[in-house]
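All remarks here apply to the structure that follows.
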Amino acid sequence: MSFTWKDFHDVGIHLDTFSEEAYKRSAIGRYYYACFNLTKIYFEREHFIIGHDQNPHEIIIKYLEYYEIEKEVELSKLLNNLRKYRNNADYDSNFRKNNIKKAKKTAEEIFLLLDELNNS
């Protein structure tokens, strides 16, 4: 049985129900990795396989913008924004609490965009 990456989004929603900051920060990470892994699957199917010795996060964001396909450019921007929210949650002492709502909304936009790209 294969793992469904979108389930990470559901975990994020669950984590967001807790009031403690650690849960909120972790929710953002789950939103990001749900979107990142689904985007990676799309990217590798449509473009090229990313080597294990490379940074897939940067490569995907960079190349989706590079190909100049309108929906892929938008996907690149959304994923990059979500990555910034995740980096703030994972690495910064000063957590921006409003990022949790922004991250959830951005993840939902990415899911819609990926649905469009996968069905076109």
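The values are calculated or read from the model by the stated rules, or taken from the named source; none is laboratory data. Just so we're clear, the structure is a prediction, and the values are computed from it rather than from any experiment. Cβ sites come from the backbone with ideal geometry, for glycine too, and all protein chains shown count toward neighbours.
Structure summary
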item	result
Matching residues in the range 25-52 - criterion: being under 20 Å from E109 (Cβ atoms) and of a type outside the set (F, W, Y)	A27, I28, G29, R30, A34, C35, N37, L38, T39, K40, I41, E46
Qualifying residue in the range 47-64 (condition: touching an Asp or Glu at 6+ places or on another chain (Cβ under 9 Å), in contact (Cβ under 8 Å) with a residue 40 or more places away in the chain and not aliphatic (A, V, I, L, M))	no
Boolean, L114 is farther than 22 Å from F3 by Cα and surrounded by 18 or more Cβ atoms within 10 Å (Cβ to Cβ)	no
Condition met for R83 (at pLDDT 95 or above and either in contact with a strand residue (DSSP E or B) (Cβ under 7 Å, 6 or more places away or on another chain) or closer than 19 Å to S120 by Cα (or both))	no
Residue list for the range 33-54, filter: in a helix (DSSP H, G or I), touching a helix residue (DSSP H, G or I) at 6+ places or on another chain (Cβ under 6 Å) and among the aliphatic types (A, V, I, L, M)	A34, L38
Residue in the range 68-107 that is farthest from S19 (Cα to Cα), counting only those that are part of a helix (DSSP H, G or I) and out of contact with any helix residue (DSSP H, G or I) (no Cβ under 8 Å at 6 or more places or on another chain)	E70
Output for the range 1-32, where each listed residue is part of a helix (DSSP H, G or I) and either at pLDDT below 95 or under 17 Å from L64 (Cβ atoms) (or both)	Y32
